[in-house]
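Below is one structure, written out as structure tokens, with a few remarks after it.
The values are calculated or read from the model by the stated rules, or taken from the named source; none is laboratory data. Computed from a predicted structure; not experimentally measured. Cβ coordinates were reconstructed from backbone atoms using ideal geometry, including for glycine residues, and neighbour counts include every protein chain displayed.
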Amino acid sequence: MVLVSKLSSSNKTKILVAMTAFLLVGVAMFLLISKPTPQAVVRVTDQGHFDSLRWKKNIKYDRETCVSDLLERKLLDDLSEAQVLGLLGTPDSKESSHWDYEIRPENASFETLFVTFKDGKVTKSELRSNP
């Protein structure tokens, strides 16, 4: 305290401004680092809710129980191709403008999650029935 009282008021102001800036930068860094990824945001473990890990494992009917929640909550809207890969894993079929994820591949008649891209971003995601 003795040192602070010996400082001029302009130096005290400079120190206060520097400490405030340091604190704000620290808070900003914390918020950037702790920002959840799309996978963390949508990781819900209740039955019937989308779960990225269950989707990627594709264990018997897990995709079928997750897909309606994925579409209803519009979790793919505006995601980049890299983000979709992180969330859903490698597609079963991949074209330049769309990717397909099979929902029940063991059935003769099955459904596919059809994800459409434009300029590297999801523009549409829908469930399609395959004959």
Pairs returned, first residue in segment 110-121 that is in contact (Cβ under 8 Å) with a residue 40 or more places away in the chain, second residue that is part of a strand (DSSP E or B) and aromatic (Phe, Trp, Tyr), beta-carbon separation under 6 angstrom, 6 or more apart or interchain, are Leu113/Tyr101
Select, from Gly120, Gly86, the only residue that is more than 17 Å from Asp69 (Cβ to Cβ), modelled with pLDDT of 90 or more and surrounded by 13 or more Cβ atoms within 10 Å (Cβ to Cβ).
Gly86
Neighbours by Cβ (under 8 Å, 6+ apart or cross-chain): first from segment 69-89, over 12 Å from Trp55 (Cβ atoms) and touching a residue at least 40 places away in the same chain (Cβ under 8 Å); second surrounded by fewer than 20 Cβ atoms within 10 Å (Cβ to Cβ) and among the aliphatic types (A, V, I, L, M)
Leu71/Leu127
